Amino acid sequence: MSKQKIVAAYSGGLDTSVMVKWLSEKYDAEIITFTGNLGFSKELNGLEEKAKKTGASKVYVMDLRKEFIENFAFKALAAGALYEGAYPLATAIGRPLLGKKMVEIAEMENAKIVAHGCTGKGNDQVRFEMAVQCLNPELQVLAPLRFWEFKSREEEIDYALANNIPIAITKEKPYSIDANLWGIAVECGELEDPEFAPPEDAYQITVNSKNAPNEEKIVKITFEKGIPIALNDELLSGEILVEKLNAIGASCGVGRLDIIENRVVGIKSREVYEAPAAVILHKARFELEKLTLDKETFRFKNFIGDKIANMIYEGMWFTPLFESLMAFVDKAKENISGEIKMKLYKGNCEAISRKSIFSLYNPKLATYSKEDEFDHKSAEGFLKLYCLPYKTIAKTKKQEAEIYER
């Protein structure tokens, strides 16, 4: 009788490295690891050999950078999805794709169990398990970090060292780092105290703004239907555009975020992020939307974008409501095409030029020069009607006060 199979999500970091070894010791099962390359994965070199040494019988490593950016990150970008108004959701966007691929591998390998290395108080457990349950509810999910014997990352490090598991983390630099093309998330260690500024060694790619060049950099981003397609007039695939923009932004100190955020499980956490390309693209998109969308669509899209951000953060990518809201986004972004020039300088990022054939900006209506074509006389009637409800309320209040005084 063949052994049961467990497909384990494997990054090569501390938790998953320890998890594969632990699963191979605790379960009489064949451990199959899956690693998705979403970009910025420093631990991919030698990862297959490392996984097999720690107990895996089979290893899948998949290059998902193009699919991740074009089918996931750019969808969130078009929606204007920034969690709590700031976080571009790099880690959160990657999890549904990884969960989807893990399910596909489990089905291909005829495995009945999948495992992940997420903690019991983290967000990623929700994202992985929501993806699995939405795509294949028959699969059993194992989450060893919720019930194994290790009580701290220091104990995991001791276990890794005792079992000759190579890890990049040390007790002196105990950061937990999750990296992909859309952004890098850093937590643990000194970052857990919100009173203190993040140590410089917590940042992985961005220069400190005070050390950034003294010359500003101008980048031109071309959008087509809400999606960036060119950088400085060069047509690029999504993952290459993001890669290049990351390098430019990081060199200017753009993209550092230090955030207190509300986790899915109800606690607050302090997270440090680096997301140069995502920060630049979101600001550029926002400026283009202000130029091309009518007032009510613009306002409603911002409202929907906040809801979509919450849903992505909470792992609801494959739910019916998410699909319905994205249908609205697809319609709303039809005219979000044009060019935005962004100025990058010592950590700052701002739009300096906007251009679109769908621009709703009419210079002859906006100007105060002699070319002004706005009908100023129409404002009198407009204001009478616009103020009428509140004028009526004020009159009523005055009458009530007079009655009361009598």
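The values are calculated or read from the model by the stated rules, or taken from the named source; none is laboratory data. Keep in mind the model is a prediction, meaning the values are calculated, not measured. FYI the Cβ positions are ideal-geometry reconstructions off the backbone, even for glycines, and counts take in every protein chain you see.
In contact with an Asp or Glu (Cβ under 8 Å, 6 or more places away or on another chain) and surrounded by fewer than 20 Cβ atoms within 10 Å (Cβ to Cβ) - does that describe any residue in the range 17-35? No, the conditions are met nowhere in the range 17-35. Collect the residues in the range 125-143 that are touching a residue at least 40 places away in the same chain (Cβ under 8 Å) and either in contact with a His (Cβ under 7 Å, 6 or more places away or on another chain) or surrounded by 22 or more Cβ atoms within 10 Å (Cβ to Cβ) (or both), keeping them in residue-number order. Of everything in the range 125-143, those that are touching a residue at least 40 places away in the same chain (Cβ under 8 Å) and either in contact with a His (Cβ under 7 Å, 6 or more places away or on another chain) or surrounded by 22 or more Cβ atoms within 10 Å (Cβ to Cβ) (or both) turn out to be ARG127, PHE128, ALA131. Summed over the range 185-218, the residues that are crowded, with 19+ Cβ neighbours inside 10 Å and more than 22 Å from the chain's Cα centre (by Cα) give a count of 2. The residues of the range 184-234 that are on the phi > 0 side of the Ramachandran plot and out of contact with any strand residue (DSSP E or B) (no Cβ under 7 Å at 6 or more places or on another chain), listed by number, are GLY189, LYS225, GLY226.
Just so you know, in the range 315-343 the residues that are charged (D, E, K, R) and assigned to a helix (DSSP H, G or I) include one that is farthest from LYS301 (Cα to Cα), and it is GLU323.
Among all residues of the range 190-208, there is at least one that is touching a Leu at 6+ places or on another chain (Cβ under 7 Å), in contact (Cβ under 8 Å) with a residue 12 or more places away in the chain and in the same structural domain as ASP233 (by TED's automatic domain parsing). Residues in the range 271-287 that are hydrophobic (A, V, I, L, M, F, W, C), over 13 Å from ALA79 (Cα atoms) and surrounded by fewer than 22 Cβ atoms within 10 Å (Cβ to Cβ): VAL272 alone.
Condition check for GLU271 on (1) closer than 28 Å to ASP201 by Cβ; (2) touching a Leu at 6+ places or on another chain (Cβ under 8 Å); (3) at pLDDT 95 or above; (4) charged (D, E, K, R): one failure, at (3).
Where helices (runs of 4 or more DSSP H) fall wholly inside the range 49-112, the ranges with 2 or more residues that are over 19 Å from GLU129 (Cβ atoms) and either of a type in the set (Gly, Ala, Ser) or in contact with a Leu (Cβ under 7 Å, 6 or more places away or on another chain) (or both) are 65-68, 74-79. Any residue that is charged (D, E, K, R), touching a residue at least 60 places away in the same chain (Cβ under 8 Å), assigned to a helix (DSSP H, G or I) and in contact with a helix residue (DSSP H, G or I) (Cβ under 9 Å, 6 or more places away or on another chain) - is there at least one of those in the range 269-284? There is no residue in the range 269-284 that is charged (D, E, K, R), touching a residue at least 60 places away in the same chain (Cβ under 8 Å), assigned to a helix (DSSP H, G or I) and in contact with a helix residue (DSSP H, G or I) (Cβ under 9 Å, 6 or more places away or on another chain).
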